[in-house]
1. Hey, does the range 20-29 have a residue that's away from the ligand (no atom under 13 Å from the Cβ), surrounded by 19 or more Cβ atoms within 10 Å (Cβ to Cβ) and over 26 Å from the mean Cα position of the chain (by Cα)?
2. When you scan the range 88-189 for helices (runs of 4 or more DSSP H) that lie fully inside it, which ones turn up with 1 or more residues that are over 24 Å from VAL261 (Cβ atoms) and away from the ligand (no atom under 15 Å from the Cβ)?
3. Within the range 60-82, can one find any residue that is open to solvent by less than 10 Å² (accessible area, probe 1.4 Å), in contact (Cβ under 8 Å) with a residue 12 or more places away in the chain, of a type in the set (Gly, Ala, Ser) and within 16 Å of the ligand (Cβ to nearest atom)?
4. Within 16 Å of the ligand (Cβ to nearest atom), more than 17 Å from the chain's Cα centre (by Cα) and either polar (S, T, N, Q) or open to solvent by less than 30 Å² (accessible area, probe 1.4 Å) (or both): which single residue out of LEU206, LEU202 fits that description?
5. What are the residues in the range 204-257 that are at positive phi and not aliphatic (A, V, I, L, M), if any?
6. Which of (1) in contact with an Asp or Glu (Cβ under 8 Å, 6 or more places away or on another chain); (2) more than 28 Å from ILE3 (Cα to Cα); (3) in contact (Cβ under 8 Å) with a residue 40 or more places away in the chain is the odd one out, the single condition LEU116 does not satisfy?
7. State which residue is most open to solvent (accessible area, probe 1.4 Å) when the search covers only the range 260-281 and only residues that are over 15 Å from GLN152 (Cα atoms) and charged (D, E, K, R).
8. Any residue at all in the range 31-38 that is more than 16 Å from GLN76 (Cα to Cα) and open to solvent by less than 20 Å² (accessible area, probe 1.4 Å)?
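The values are calculated or read from the model by the stated rules, or taken from the named source; none is laboratory data. The shown structure was predicted, so the numbers you read here are calculated from the model rather than taken from an experiment. Cβ placement follows ideal geometry from the backbone for every residue including glycine, while neighbour counts extend to all protein chains displayed. Only protein heavy atoms, including side chains, enter the accessible area calculation; ligands, DNA and RNA are left aside. Shrake-Rupley method; radii C 1.70, N 1.55, O 1.52, S 1.80 Å.
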Amino acid sequence: MKIIATAAEMQQTAQAAKAAGKNIAFVPTMGFLHQGHLSLLEEGRKRGDLLVLSIFVNPTQFGQGEDYEDYPRDLQRDAELAESCGVDIIFAPTAGDMYPRGYATYVDVEGITEVLCGASRPGHFRGVTTVVCKLFNIVQPDVALFGNKDFQQLAVIRRMTRDLNMPVDILGMPIFREEDGLAMSSRNVYLSEAQRKQALVLSKSLLTAKRLAAVGDLDCHEIIESVKKDITAQPEARIDYIKICHQLTLEEQHKVDSDSVLLLAVFIGKTRLIDNGFLLD
Ligand code: AMP
């Protein structure tokens, strides 16, 4: 396994691999790897001759007052985990290499970036699409793998690749959870023991909502009210949003159907957690 720190070297390496007829599978991350990331790498290993993992805490997707500085980082540990998954190359650039002085170009997907996390975190998706577009140009993947955990991010990236004719297949992967149901996230390390218990309310309320839908309670307002009640019962929980949206347009729905996804963003203390799930299987 090789660790590459500059965009120039990564791009040359990718070009040489393509010229040699190799397929490139790519998993972009911000590092501090957990089993969710590893599940993407394991699938990526099957899909590409060359498996590239990027680790980059992207400053342009963090807003003022968010956790850019504090975001957990541990390249050595990540490298050991990546090697155990058969990663060929870790691309770990510096912020200065990705955004040199005078950097001025951004990618902006309209519409679906303006709701949900986009409404709560202005500019977030502009940072995400910009860095993913850059990473695609540098790594030149045939297939890129993303988690359903970041449901809106995946929808935005699919839209960007389609709208800009990017020659990359986007593969969405299931949410990987802890045994008790908590969706794995690098940010879970911020939680105290008491908060960790309260955080279970996200996955539990998804299950409650699914159960309601399964017995024919399809009114979105009622489901949302029930979820709201569960979440507000937690002493340190503060709701950012609870929405039921169409999986493709992300438009809010009134009545649950097979395209309905419940999306949650909840602060537990200072930690913002997200989770989501389809309501009818
Ligand atoms: P991050 O490092 O948090 O930016 O995540 C990098 C990639 O891993 C994104 O495509 C995420 O959706 C995905 N990911 C993060 N957490 C999980 C999880 N629990 N299960 C599956 N994929 C995940």
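1. no
2. Details: elements: 95-98, 117-120, 124-139, 151-163.
Fully inside the range 88-189 and qualifying: 95-98, 124-139.
3. Filtering the range 60-82 for residues open to solvent by less than 10 Å² (accessible area, probe 1.4 Å) gives 78, 82.
Still in the list and also in contact (Cβ under 8 Å) with a residue 12 or more places away in the chain: 78, 82.
From what's left, of a type in the set (Gly, Ala, Ser): 82.
If we keep only those that are within 16 Å of the ligand (Cβ to nearest atom) as well, we get 82.
Yes, the range 60-82 contains at least one residue that is open to solvent by less than 10 Å² (accessible area, probe 1.4 Å), in contact (Cβ under 8 Å) with a residue 12 or more places away in the chain, of a type in the set (Gly, Ala, Ser) and within 16 Å of the ligand (Cβ to nearest atom).
4. Working: LEU202 fails: more than 17 Å from the chain's Cα centre (by Cα).
It is LEU206.
5. Passing the criteria: only GLY216.
6. Single failed check for LEU116: (1).
7. Only one residue tops the list, namely LYS270.
8. Checked the range 31-38: at least one residue is more than 16 Å from GLN76 (Cα to Cα) and open to solvent by less than 20 Å² (accessible area, probe 1.4 Å).
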